[in-house]
Amino acid sequence: MPRRLLGLGPAILAAGAVGLIVLPLASLLQRAPWSSLAADLRADDAARALRLSLVTSLASLALSIALGVPLAWVLARRSFPGRSLVRALVTLPMVLPPVVGGIALLYAFGRQGLAGRILFDLTGWRLVFSTSGVIVAQTFVAMPFLIVTAEAAFGSIDRRGEEAAATLGASPAYRFRRVTLPAVAPALAAGAALTWARALGEFGATITFAGNLPGTTQTTPLLVYLDIESGREGTALALSLVLLGVSLAVLIGLRDRWLGNP
C-alpha cells in the first residue's frame, strides 16, 4: 500500500499542475463569444489595435535581430572583462517585472530622462507616449529571448567549417554570412518566433512607458485590459483568443526544438 500511494502521489500532483494551467484556458474558450467573434474582431478599435500590434511587434523583432544577434555573437565568441555582468544585464528583462521595466524606460528615454532629454534637444523627437515608444518597450522586454537563444547557438556549433573557410582565405564577414549564419539559422528562427510572440503580448512596460492611446500606442493587450475594465467582455475575449492562438502556434512550432520528437 505505501508503495502504491507513493506512486500515486506524483500523478495527483501532475494532474493538479495540468489543471492549474488548463482550467483557465478552458474557461476562456468556454466564455468566448463564438457567434460574434468575427464581428468583434472587425470592430474599429479591435482592428486598429491588432494592426498596431502587428506593426510594432514586427518592428521590435527587426530591431531585436539587428541589435541582439551581434551581441549574442560577441557574448558567445569573445572574452572581455565584465562579460558575465553584461550577460546578466541584457537578460535581466526576462525576469524583471514589466512595469518596472517601463519605469526604467521612462527615466531613461522620457522627456526629462537621461537619454530622452538629449534626444529631444537634438532632434525634437520623443519616444514616450508614441508608437516608437511601444517598439522600444517591446524590444526591451522581448530581445533577451533572442539573445539567449542566439548565444547558445553560436557557442555550440561546430567551428571546423569556419576554420576551413578561413584557411581558404574567406574574410570574417564572408565566413559569418555564408558559414556561421546558415549553421545557426534554425536556432535563430526559433528565437525570433519566441521574441515576436513575447513582443506581441507585451503589456506592462508598454502601458507604463508609452501609455494607452488609441491608434498610437494602444496595442491588443492594452485594449483587452481596457475592455475588461469597461465591461466590453465580448471584444476582450475575442482579442484574447487571437493572442492565445498565436502563442499556442508559436509554442507548437518550437516544441520539437525544445523537447525533440516524442
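Evaluated with a Cβ-only charge set (Lys, Arg +1; Asp, Glu -1), the range 86-160 carries a dipole of roughly 80 debye about its Cα centre, given to the nearest 20. Which stretch or stretches of the range 193-236 have amide N atoms under 20 Å from the point lying 7 Å from residue 21's Cα along the Cα→Cβ direction? Inside the label zone: 193-199, 201-202. Summing Cβ point charges (Lys, Arg +1; Asp, Glu -1) relative to the Cα centre of the range 41-259 gives a dipole of roughly 660 debye.
As an equivalent ellipsoid, the range 41-259 spans semi-axes of 35, 22, 14 angstrom, where each value is the square root of five times an eigenvalue of the C-alpha gyration tensor, largest first.
Identify, among 234, 210, 253, the residue whose Cα sits farthest towards the positive end of the charge dipole of the range 177-262, taking +1 on the Cβ of Lys and Arg and -1 on the Cβ of Asp and Glu, with the dipole about the Cα centre. It is 253, whose Cα lies furthest towards the positive end.
Extending 7 Å from the Cα toward the beta-carbon at both residue 171 and residue 159 defines two label points whose distance is 2.2 nm. The alpha carbon centroids of the range 188-205 and the range 40-54 are separated by 19 Å. Charged neighbours of residue 95, selected by a Cβ distance under 14 Å, balance to +2 (K, R count +1; D, E count -1). Each Lys and Arg contributes +1 and each Asp and Glu -1, all at the Cβ; summed about the Cα centre of the range 162-261, the dipole is approximately 360 debye.
Just so you know, all these numbers are worked out from the coordinates, no wet-lab data involved. This one's a predicted model, so the numbers in the text were calculated from it and none came from an experiment. Every residue, glycine as well, gets a Cβ built from its backbone with ideal geometry; the counts of neighbours run over all protein chains shown.
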